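The values are calculated or read from the model by the stated rules, or taken from the named source; none is laboratory data. All figures in this text were calculated on a predicted structure; none of them were measured in a lab. Note that we place each Cβ from the backbone using ideal geometry, even for glycine, and neighbour counts take in every protein chain shown.
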Amino acid sequence: MNTSHLKEKIQLTGGEDNDFLFTHLVLAEKEYEEIIQMMTLNELAEELDVSFISVERKGKLEFLHVTSAEHYDSIEKKGFVIQPNSYISDLGNGLYVIQKDDVEALMNLEDYISELYEDNEEDILLVYGTYKGAYMKCVYDRGHRGYIVLPSTESIIIQDMYEKTVSEFLRY
């Protein structure tokens, strides 16, 4: 399968000012469906030399977002705010969430949280909500698979927020 036309869809991520660590291919849902009929995502990633592959989707989802507990008051008063900055995160800019029932994404998030917070007794904030609109879901990579990037916070409804220690979240 000729995939050269997909090179224009590759984004540089994980850094700033032309110092990027990753390459991120973002596919439309139709492109993704066609490609997986012809080849594996691993084959596609190797052929295009990309770190991550995400699919653009639209719809409603129930999500979990984890952040520092110090953001509780701000989120309660203002909701989520995507801060514009020059640093581009691994999967691009936006609010990172996982679908509430995605076991693989939750395991990846737990791995990330355990690495990020060395002190397992540090407080974190678990925010549950719903979102309706366009989003990107990572479908290929070790460690990010299942992560969802919401480009906008306009259609978010926050349902619950809980403070827990890292160890409570990780269920040690």
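Among (1) assigned to a strand (DSSP E or B); (2) surrounded by 13 or more Cβ atoms within 10 Å (Cβ to Cβ); (3) within 16 Å of the chain's Cα centre (by Cα), there is one condition residue 58 misses while meeting the rest; what is its number?
(2)
Of the residues in region 5-35, how many are in contact with a His (Cβ under 6 Å, 6 or more places away or on another chain) and either part of a loop (DSSP other than H, G, I, E, B) or among the β-branched types (Val, Ile, Thr) (or both)? If you could, list the steps in order and put the result at the bottom.
Taking region 5-35 as the starting set, the residues that turn out to be in contact with a His (Cβ under 6 Å, 6 or more places away or on another chain) are 11, 13.
Then drop every residue that is not either part of a loop (DSSP other than H, G, I, E, B) or among the β-branched types (Val, Ile, Thr) (or both), which leaves 13.
Going through region 5-35 one residue at a time, the tally reaches 1.
Please determine whether any residue of region 52-68 is modelled with pLDDT of 95 or more, farther than 21 Å from residue 32 by Cβ and touching a helix residue (DSSP H, G or I) at 6+ places or on another chain (Cβ under 7 Å).
Yes; the residues of region 52-68 include at least one that is modelled with pLDDT of 95 or more, farther than 21 Å from residue 32 by Cβ and touching a helix residue (DSSP H, G or I) at 6+ places or on another chain (Cβ under 7 Å).
So which of 42, 85 is modelled with pLDDT under 95, loosely packed, with under 15 Cβ neighbours inside 10 Å and not acidic (Asp, Glu)?
Values: 42 fails: modelled with pLDDT under 95.
It is 85.
Suppose we filter 108, 2, 85 for residues that are part of a loop (DSSP other than H, G, I, E, B) and within 29 Å of residue 159 (Cβ to Cβ); which single one remains?
Values: 108 fails: part of a loop (DSSP other than H, G, I, E, B); 2 fails: within 29 Å of residue 159 (Cβ to Cβ).
Unique residue meeting the criteria: 85.
In region 1-26, which residue that is in contact (Cβ under 8 Å) with a residue 24 or more places away in the chain and more than 16 Å from residue 93 (Cα to Cα) is surrounded by the most Cβ atoms within 10 Å (Cβ to Cβ)?
Looking at the filtered set, the residue picked out is 6.
Determine, yes or no, whether residue 75 is farther than 30 Å from residue 48 by Cα, of a type in the set (A, V, I, L, M) and assigned to a helix (DSSP H, G or I).
Working: farther than 30 Å from residue 48 by Cα: yes; of a type in the set (A, V, I, L, M): yes; assigned to a helix (DSSP H, G or I): yes.
Answer is yes for this residue.
Contact list please: Cβ distance under 7 Å, first residue in region 63-77 and touching a residue at least 12 places away in the same chain (Cβ under 8 Å) and surrounded by 12 or more Cβ atoms within 10 Å (Cβ to Cβ), second residue assigned to a helix (DSSP H, G or I) and not acidic (Asp, Glu), pairs at least six apart or on different chains.
66/109; 66/113
Any chance you could count how many residues in region 136-171 are outside any strand (DSSP E or B) and touching a helix residue (DSSP H, G or I) at 6+ places or on another chain (Cβ under 9 Å)?
Step one: of region 136-171, the residues outside any strand (DSSP E or B) are 141-146, 151-155, 166-171.
Of the ones still in play, those that are also touching a helix residue (DSSP H, G or I) at 6+ places or on another chain (Cβ under 9 Å) are 141-146, 166, 169-171.
Selection size over region 136-171: 10.
Among the residues of region 94-105, how many are surrounded by 15 or more Cβ atoms within 10 Å (Cβ to Cβ) and part of a helix (DSSP H, G or I)? Let's see the steps before the verdict.
Kept after step one, since they are surrounded by 15 or more Cβ atoms within 10 Å (Cβ to Cβ), are these residues of region 94-105: 94-100, 102, 105.
Still in the running and part of a helix (DSSP H, G or I): 105.
Result for region 94-105: 1.
Answer yes if at least one residue in region 20-27 is touching a strand residue (DSSP E or B) at 6+ places or on another chain (Cβ under 9 Å), modelled with pLDDT under 95 and among the polar types (S, T, N, Q), and no otherwise.
no
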